[in-house]
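Inspection log for the structure reproduced underneath, given as structure tokens.
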């Protein structure tokens, strides 16, 4: 009997031990499960935070790139110190500002080419010079847009070609380009003709000097006040074998070839033989044009 009781208590003790082990294992399992969940949540939070940081960094990079693109064409301003220690702009910035001002001046000086007619196509003068020529020297005689009648280099440097295009065309302007760079000519209100040999009076006729031999702008009118200006019958000279000729000297005589043209003041000016051309009495005509008014 005692033996049975001992066995029973032993079994009961073993059962209690087993139960305690099971209970302890269950408790540890719950703890482990809780720890696993906590660890998963912590890992998720870390991943989320990392993504947020990456997004913020990406936005910063994009903003910097956008700023670089916007400023790529902007002028670089470099501040240098002058003698007094005050900052000054660099030469590159000053040059850009100067270019902008120059461009503005060019825009402001644009000329309405319709006002000067075919003279706007001439290679002798710029648009501004052409406008100045009309405004200052032709304002009292110009009645319509200028029309090109004859260009020696294009229509043939022959007197016959000049007369075929310019005779009986009314008032005209002849503009001459000399080899010295000087640009000058004359105006006459009398139509050119192919007379055999004849002078014609023209109280409205005058000579002009537009550009000097040193490329200086003159725009000077030479009226009939020369040493022989009393002889008004010598204003222009018409001859079928000659190009347009002014004055009795002749004040302007055009011929093809080197040093075959000449100026000899007689009717229009007493400024000297070299005033118009910048050379001696003889000069070389590179080209000349005749316009009707």
Quick one: is residue 74 exposed (fewer than 10 other Cβ atoms within 10 Å of the Cβ), out of contact with any strand residue (DSSP E or B) (no Cβ under 7 Å at 6 or more places or on another chain) and either modelled with pLDDT under 55 or within 24 Å of residue 216 (Cβ to Cβ) (or both)?
yes
Per the filter on segment 173-195, residues more than 31 Å from the chain's Cα centre (by Cα) and under 19 Å from residue 285 (Cα atoms) are 186, 187
Sort out for me the strands (runs of 3 or more DSSP E) sitting completely within segment 185-288 that have 2 or more residues that are modelled with pLDDT of 90 or more, at positive phi and crowded, with 22+ Cβ neighbours inside 10 Å.
none
Looking at segment 160-175, can you tell me whether even one residue there is on the phi > 0 side of the Ramachandran plot and at pLDDT below 95?
no
So in segment 122-139, with the set limited to residues that are touching a strand residue (DSSP E or B) at 6+ places or on another chain (Cβ under 9 Å) and within 14 Å of residue 206 (Cβ to Cβ), which one is surrounded by the fewest Cβ atoms within 10 Å (Cβ to Cβ)?
136
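Per-residue answers, yes or no, for (1) closer than 20 Å to residue 167 by Cα; (2) over 40 Å from the mean Cα position of the chain (by Cα):
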| residue | (1), (2) |
| --- | --- |
| 198 | yes, yes |
| 204 | yes, no |
| 211 | no, no |
| 218 | no, no |
| 234 | yes, yes |
| 241 | yes, yes |
| 261 | no, no |
Within segment 105-134, the residues that are at pLDDT 90 or above, part of a loop (DSSP other than H, G, I, E, B) and closer than 13 Å to residue 147 by Cα are 122
Selection from segment 245-265 of residues in contact (Cβ under 8 Å) with a residue 24 or more places away in the chain and out of contact with any helix residue (DSSP H, G or I) (no Cβ under 7 Å at 6 or more places or on another chain) yields 246, 251, 252, 254, 255, 256, 257, 258, 259, 260, 261, 265
Residue 142 is checked against (1) buried (at least 17 other Cβ atoms within 10 Å of the Cβ); (2) modelled with pLDDT of 95 or more; (3) outside any helix (DSSP H, G or I); (4) over 21 Å from the mean Cα position of the chain (by Cα) and fails just one. What number does that condition carry?
(2)
Of all residues in segment 159-210, count the ones that are free of Cβ contacts under 8 Å to residues at least 60 places away in the same chain and more than 23 Å from residue 240 (Cβ to Cβ).
2
Matching residues, segment 155-173, being surrounded by fewer than 17 Cβ atoms within 10 Å (Cβ to Cβ) and assigned to a loop (DSSP other than H, G, I, E, B)
156, 158, 168, 169, 170
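The values are calculated or read from the model by the stated rules, or taken from the named source; none is laboratory data. If you're wondering where the values come from, they're calculated on a predicted model, not measured in any experiment. Neighbour counts are summed over all protein chains in view; Cβ atoms, including those assigned to glycine, are modelled from backbone coordinates with ideal geometry.
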